[in-house]
Each structure stands twice: as structure tokens, then as C-alpha cells.
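Enquirer: One structure, as C-alpha cells, below. Some questions next.
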Amino acid sequence: MANTAIKVNDLVVKRGRRRVLHNFTCSIPAGSVTGLLGPSGSGKTTLMRAIVGVQIVESGEIQVLGRPAGHKDLRSQIGYLTQAPSVYADLTVRENARYFAALYGLGAKVADAAVRDVGLSDAAGQLVANLSGGQRSRASLACAIVSQPRVLVLDEPTVGQDPVLRDELWKRFRDFADQGTTILVSSHVMDEANRCDRLLLIREGRLIADDPPAAVKASAGTDDLDQAFLNLILAGQEAAS
Amino acid sequence: MTLVHTTGRILRQLRHDRRTVALLILVPSLLLTLLYYMFSGPVFDRVALIMLGIFPFLIMFLITSIAMLRERTTGTLERLLTTPLRKTDLLFGYGIAFGVAAAVQAAIVSGVAYWLLGLDTRGSAGFVILIAAANAVLGVALGLLASAFARTEFQAVQFMPVVALPQILLCGLFVAREDMAGWLQAISDVLPLTYSVEALQEVGAHADPTGTMWRDLAIVGGAVILALIAAAGTLRRRTP
Ligand SMILES: Nc1ncnc2c1ncn2[C@@H]1O[C@H](COP(=O)(O)OP(=O)(O)OP(=O)(O)O)[C@@H](O)[C@H]1O
Ligand SMILES: [Mg+2]
């Protein structure tokens, strides 16, 4: 692999009493869109939290842009979208974006551009508390992309969006990747998975596939990604039982 | 710079919450009016003066612990900690923003006390407002610290009686400190609110600021710094 942006080696994470990630190893090429797929509760959010450096890990190592995850220097280079929208409900969309921009030393123009990028210009002056569910997650997304980071970790960024918006957002992600941003994005929507350069398939905290979408389909013996996902997950379950 | 922006963001949140702003100003004024009809003359002067210091402490303690808990439960804190924002900038941002809000509150409530309710102190109202604002910042600092130990709103509000009530009971408002049992006095000696109440009493009794008043203010300031540093220590970037 020419250029690796994120390298996870032998990562073990416990949450509560349970082991959530078991000796997880993967690497994510720079400037690509990598999809993170897996059943609910399989450990996608946990892996993302570990990569952005907010998850206590048991053992193993994670390198992001050549530095250990959570390193101080990485904070200005990573954008993280949490699964549940994390914006201030008692501020307007614009105020939220401007605050997060300011934390990176960026001005109002950049913030307003991010609000436009997620299609919220018309609601920019609205309090987040008064937004619809889909609008609220886009407000949260605006705050994650506002700093134009080199690494974007997006936890289910398109949940609750209509097909037109989803398409626009994915075009936006592709633009970012073309400009060199490394994107890790989790999703449950297979038609989105098809738009990724690579897919990481995770089941019960273990990596079961790390391939381009076409190769995932081929190895599952089908050209429907939904079916491929089912086949691989079920095959894993049979092997385990 | 992120300190300035964080302070601004917290004040902006407060500004959007008009009802809270109204409550911040009306509630202490109404309670003082109640005291005015309960007590008269010198007793009112004594009690009202101390209440001018206790209201901002109590209210800011509650508001801050809820605000910080909200940052935790809505995930904004987790996100903030992935940005270049320093932990101390966040905590001091709360201290400054709510300190400013409390200074405005104290100025208005003191205005009501002096002009409408005829409060009489030897020292100047300016010092009363200064001490009230210092008290508010003390409430903020302790609220930030307490919120680290709360997982839910229910737990957070319970810290009010745990942290604030003993300080109010032992600060010399209900029983003069000289008349307390030795061990109660010893506890009272280590509670910061004791010193801000003493500072207010100094303003009540002397025309000019006394050395004791300045010393007391310095002690409150020291307690604020200690609490903020402890709060920064409880703020973890990595969580389970
Ligand atoms: N705070 C926590 N304490 C204890 N266990 C947790 C905690 N958060 C998550 N878990 C557990 O860790 C496992 C992995 O959770 P995670 O959130 O990573 O799943 P996910 O793949 O993101 O699922 P989804 O698709 O539903 O978002 C789950 O079994 C979950 O119950
Ligand atoms: Mg998840």
C-alpha cells in the first residue's frame, strides 16, 4: 500500500466487562474513502473512537498520520462525527459551525461554507433544537468537516437523509478524498458501501473482510452487496458455532 | 483565543435561553423582597447582605453542573476533546462566562436591595457586587468539579445539598461562628463560602475595605483555582 493514513495493530478494547474488539488489525490508505460495515453492536463506533483517541484501549497500537492516536498534534487534523448528533441545541446552526471553526483558528467564512456544504444555508439561523432529525445530523456533520481535516472519521453520517441529500453528501466526501483527505465512514446502507474504495467488514469485534466492494462481492459469490454482506456475516456465524 | 470563543459560545447559549435569564434576575430579587417583609431594620440588613453572596453561589453551582453534564451526555464534550481546545480553556470559559452573567445578576439584585428595599451597609455596594461575583465563580468552579461525579441530571442536582448546603449552614448565617462547637468551627474554617460571607460582613461593618476582606477574597480566589485545577484533572480525554 503506497501511503497508509491509519494503521491499527492488534487492538484490544474492552467496554464494561466485555471485549468489544479482539486483536483488531487493519490499515487505511491515505486519500481514500473506506467504508466500515458490520451488524449493530459489532464494534464500529468503538473502533472509530479508538482511532480519534477518545476510547480507552486495553492493548495494541494505532497510528494516525504517523503519530499515535490521540496525539496532541493530531487534534487539528482530525474531524470526528459522532453517531448521535453532538451540537449545541441552544445555538443556531451558524453559531455552532462558527464555534467549532474558531477552535481550529478558522473564521466565519469557512464555517458558513461548511453549513452550505451540508445544505443547511436556509436553516443557518435556526436553533438546532428546532431542526428536524436529518437537519440536526447535518448540522453536526458541518461541524466535523469545518476544519477541512486530513482525516475524517464519520459515524453514520447519512442516517435520516433523503436519497437526493445522501447522493450530494457522498459527492462531497468524494471531493474531499480527491483533495487528499482520508475518510473512514460507517454505514448500514449497501448502496453507499458501493461508493467506497475499500470496505472493512467487522463482525463481533473481528475483521472479516478488507477489500474493494467488487472483491467483497466476488468472494461472497454474488454481485449484490446486500447479499454479499449477509453471506459473509452468516458464514462467519456458522464458522463460529 | 479558544478561551475567548468558548466564553462567547457559553454566553450566546445563555442569551438564547431568555427564560433562564429572566429567572436569574427575578428569583433573587423576589426572595430578597420576601426577606424584607419577614425581617426589619438591622436584621434585614444582616441577612440580605449575606444572601446577596449566597444566591449567586447556589444558582451558578446548579446551572454549571447541569451545563457541564449536558456537554457530557450530548457528546459535545467528547467532540470538543478531539479538537485543539485545551481543557483549561473550556473550564475557564465556563468560569468567565458565568462569572460575567453573575456580575450582571449581582449588580441588578444589589440595585433592588439598596434602592427599593433600603439595604444599608457601611461599605460600598461595589464591593458587595465584587464579592458576589467571586462567589458565583466559586459556585461555577465547584459545579464543574461536582459534575464529573454525576452521570445523570438526577445525580447532578443531588450534589447541590451535598456541596452547597453544608457551606450555607456553617458559614455563620444561622449560627455565629464563635458560638459553634469546636469541630463545627473547624469544618467551617475549611469551607470557602465561610470566607466570602465574612468578607461581606466586613463590607457591612466598615466604611473602607479592610485587610480581612481582601484576605477573604484571596482565599475564595485560591479555592476557585484549586477547584478548577481539580476539575481539569477529572476531565478525561479518553473514556471507557
Ligand atoms: N459505554 C459502553 N459501556 C459498555 N459497553 C458498551 C458501551 N458502548 C458500547 N458498548 C458495547 O460495545 C459493543 C460495540 O458497540 P459499538 O457502539 O461499537 O457498536 P456499533 O458497531 O457502532 O453498533 P451500531 O451499528 O448499532 O452503531 C456493543 O456490544 C455495545 O453494547
Ligand atoms: Mg455505532
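The values are calculated or read from the model by the stated rules, or taken from the named source; none is laboratory data. Keep in mind it's a predicted model, so treat the numbers as computed, not measured. Neighbour counts are summed over all protein chains in view; Cβ atoms, including those assigned to glycine, are modelled from backbone coordinates with ideal geometry. Quick note on the areas: whole protein, heavy atoms, side chains included, nothing else; ligands and nucleic acids left out. Shrake-Rupley method; radii C 1.70, N 1.55, O 1.52, S 1.80 Å.
Enquirer: Applying the selection to region B:1-20, what residues are out of contact with any Phe, Trp or Tyr (no Cβ under 7 Å at 6 or more places or on another chain), assigned to a helix (DSSP H, G or I) and either open to solvent by 70 Å² or more (accessible area, probe 1.4 Å) or β-branched (Val, Ile, Thr) (or both)?
Expert: Residues satisfying the conditions are B:2, B:4, B:6, B:7, B:12, B:15, B:18, B:19, B:20.
Residue-wise test of (1) among the aromatic types (Phe, Trp, Tyr); (2) farther than 20 Å from residue B:60 by Cα; (3) assigned to a loop (DSSP other than H, G, I, E, B).
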residue: B:133; (1), (2), (3): no, no, no
residue: B:143; (1), (2), (3): no, no, no
residue: B:146; (1), (2), (3): no, no, no
residue: B:150; (1), (2), (3): no, no, yes
residue: B:157; (1), (2), (3): no, no, no
residue: B:165; (1), (2), (3): no, no, no
residue: B:208; (1), (2), (3): no, yes, yes
residue: B:224; (1), (2), (3): no, no, no
residue: B:229; (1), (2), (3): no, no, no
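Enquirer: Against the definition (in contact with a Ser or Thr (Cβ under 9 Å, 6 or more places away or on another chain), within 11 Å of another protein chain (Cβ to nearest Cβ), more than 16 Å from ligand 2 (Cβ to nearest atom) and over 14 Å from residue A:84 (Cα atoms)), how does residue A:127 come out, yes or no?
Expert: In short, yes.
Enquirer: So, one more: Just give me the residues in region A:75-122 being more than 15 Å from residue A:157 (Cα to Cα), touching a Pro at 6+ places or on another chain (Cβ under 8 Å) and more than 8 Å from chain B (Cβ to nearest Cβ), in sequence order.
Expert: A:77 - this is the single residue of region A:75-122 that is more than 15 Å from residue A:157 (Cα to Cα), touching a Pro at 6+ places or on another chain (Cβ under 8 Å) and more than 8 Å from chain B (Cβ to nearest Cβ).
Enquirer: Spot the failing condition for residue A:140; the list is (1) at pLDDT 95 or above; (2) closer than 21 Å to residue A:183 by Cα; (3) in contact with a helix residue (DSSP H, G or I) (Cβ under 6 Å, 6 or more places away or on another chain), and only one is missed.
Expert: Condition not satisfied by residue A:140: (3).
Enquirer: Let me ask something else. Which condition does residue A:79 not pass, out of (1) within 20 Å of residue B:72 (Cα to Cα); (2) more than 16 Å from ligand 1 (Cβ to nearest atom); (3) more than 19 Å from the chain's Cα centre (by Cα), if it passes all the others?
Expert: Failing condition for residue A:79: (3).
Enquirer: Mind listing just one residue for me: the one in region B:73-87 that is in a helix (DSSP H, G or I) and among the charged types (D, E, K, R) and, of those, least open to solvent (accessible area, probe 1.4 Å)?
Expert: So, considering only residues that are in a helix (DSSP H, G or I) and among the charged types (D, E, K, R), the one least open to solvent (accessible area, probe 1.4 Å) is B:79.
Enquirer: Based on what the data block shows, is residue B:215 in a loop (DSSP other than H, G, I, E, B) and touching a helix residue (DSSP H, G or I) at 6+ places or on another chain (Cβ under 9 Å)?
Expert: no
Enquirer: Moving on to the next point. Considering only region A:174-219, state which residues are surrounded by 18 or more Cβ atoms within 10 Å (Cβ to Cβ) and among the acidic types (Asp, Glu).
Expert: Hits for region A:174-219 are A:192, A:204.
Enquirer: What's the total number of residues in region A:30-51 that are of a type in the set (A, V, I, L, M) and either away from ligand 1 (no atom under 13 Å from the Cβ) or within 14 Å of another protein chain (Cβ to nearest Cβ) (or both)?
Expert: Taking region A:30-51 and keeping what is of a type in the set (A, V, I, L, M), we get A:30, A:33, A:36-37, A:47-48, A:50-51.
Now drop any that are not either away from ligand 1 (no atom under 13 Å from the Cβ) or within 14 Å of another protein chain (Cβ to nearest Cβ) (or both), which leaves A:30, A:33, A:48, A:50-51.
Adding up the residues that qualify gives 5.
Enquirer: Restricting the first residue to region A:25-49 and requiring it to be closer than 16 Å to residue A:182 by Cα and within 11 Å of ligand 2 (Cβ to nearest atom), which pairs with a second residue that is in a helix (DSSP H, G or I) and among the charged types (D, E, K, R) meet a Cβ separation below 6 Å and a spacing of at least six or different chains?
Expert: A:36/A:44
Enquirer: Only one of these conditions is not met by residue A:56: (1) open to solvent by 50 Å² or more (accessible area, probe 1.4 Å); (2) closer than 21 Å to residue A:168 by Cβ. Which number is it?
Expert: Evaluating residue A:56 over (1) open to solvent by 50 Å² or more (accessible area, probe 1.4 Å); (2) closer than 21 Å to residue A:168 by Cβ leaves (2) as the failure.
Enquirer: Then there's this: Check region B:59-72 and report whether any residue there is more than 14 Å from every other protein chain (Cβ to nearest Cβ) and open to solvent by 10 Å² or more (accessible area, probe 1.4 Å).
Expert: Checking region B:59-72: at least one residue is more than 14 Å from every other protein chain (Cβ to nearest Cβ) and open to solvent by 10 Å² or more (accessible area, probe 1.4 Å).
Enquirer: Checking the conditions here, which among A:3, A:23 is surrounded by fewer than 21 Cβ atoms within 10 Å (Cβ to Cβ) and either more than 26 Å from residue A:172 (Cβ to Cβ) or near ligand 1 (Cβ under 8 Å from one of its atoms) (or both)?
Expert: Working: A:3 fails: either more than 26 Å from residue A:172 (Cβ to Cβ) or near ligand 1 (Cβ under 8 Å from one of its atoms) (or both).
On inspection, the qualifying residue turns out to be A:23.
Enquirer: Any chance you could count how many residues in region A:163-173 are out of contact with any helix residue (DSSP H, G or I) (no Cβ under 7 Å at 6 or more places or on another chain), open to solvent by 70 Å² or more (accessible area, probe 1.4 Å) and either in contact (Cβ under 8 Å) with a residue 40 or more places away in the chain or among the charged types (D, E, K, R) (or both)?
Expert: Of the residues in region A:163-173, 2 are out of contact with any helix residue (DSSP H, G or I) (no Cβ under 7 Å at 6 or more places or on another chain), open to solvent by 70 Å² or more (accessible area, probe 1.4 Å) and either in contact (Cβ under 8 Å) with a residue 40 or more places away in the chain or among the charged types (D, E, K, R) (or both).
Enquirer: Let me ask another. Checking residue A:84 against (1) of a type outside the set (D, E, K, R); (2) open to solvent by 60 Å² or more (accessible area, probe 1.4 Å); (3) part of a strand (DSSP E or B); (4) within 16 Å of ligand 2 (Cβ to nearest atom), only one condition comes out false. Which one?
Expert: Against the list (1) of a type outside the set (D, E, K, R); (2) open to solvent by 60 Å² or more (accessible area, probe 1.4 Å); (3) part of a strand (DSSP E or B); (4) within 16 Å of ligand 2 (Cβ to nearest atom), residue A:84 comes up short only on (3).
Enquirer: Scan B:64, B:20, B:6 and give me the residue that is hydroxyl-bearing (Ser, Thr, Tyr), farther than 21 Å from residue B:159 by Cα and in contact with a helix residue (DSSP H, G or I) (Cβ under 7 Å, 6 or more places away or on another chain).
Expert: After applying the criteria, what remains is B:6.
Enquirer: Within region B:96-123, can you find the residues that are surrounded by 19 or more Cβ atoms within 10 Å (Cβ to Cβ) and either among the small types (Gly, Ala, Ser) or assigned to a loop (DSSP other than H, G, I, E, B) (or both)?
Expert: Of everything in region B:96-123, those that are surrounded by 19 or more Cβ atoms within 10 Å (Cβ to Cβ) and either among the small types (Gly, Ala, Ser) or assigned to a loop (DSSP other than H, G, I, E, B) (or both) turn out to be B:97, B:99, B:101, B:102, B:106, B:110, B:113, B:119, B:121, B:123.
Enquirer: Ok, one more. Which residues, taken from region A:59-81, are surrounded by fewer than 21 Cβ atoms within 10 Å (Cβ to Cβ) and aliphatic (A, V, I, L, M)?
Expert: A:65, the sole residue that qualifies.
Enquirer: Exactly one of these conditions fails for residue A:54: (1) more than 16 Å from the chain's Cα centre (by Cα); (2) facing chain B (nearest Cβ under 8 Å). Give me its number.
Expert: (1)
Enquirer: Quick one: which residue in A:125, A:119, A:160, A:134 is under 24 Å from residue A:34 (Cα atoms), open to solvent by 40 Å² or more (accessible area, probe 1.4 Å) and more than 16 Å from ligand 1 (Cβ to nearest atom)?
Expert: A:119
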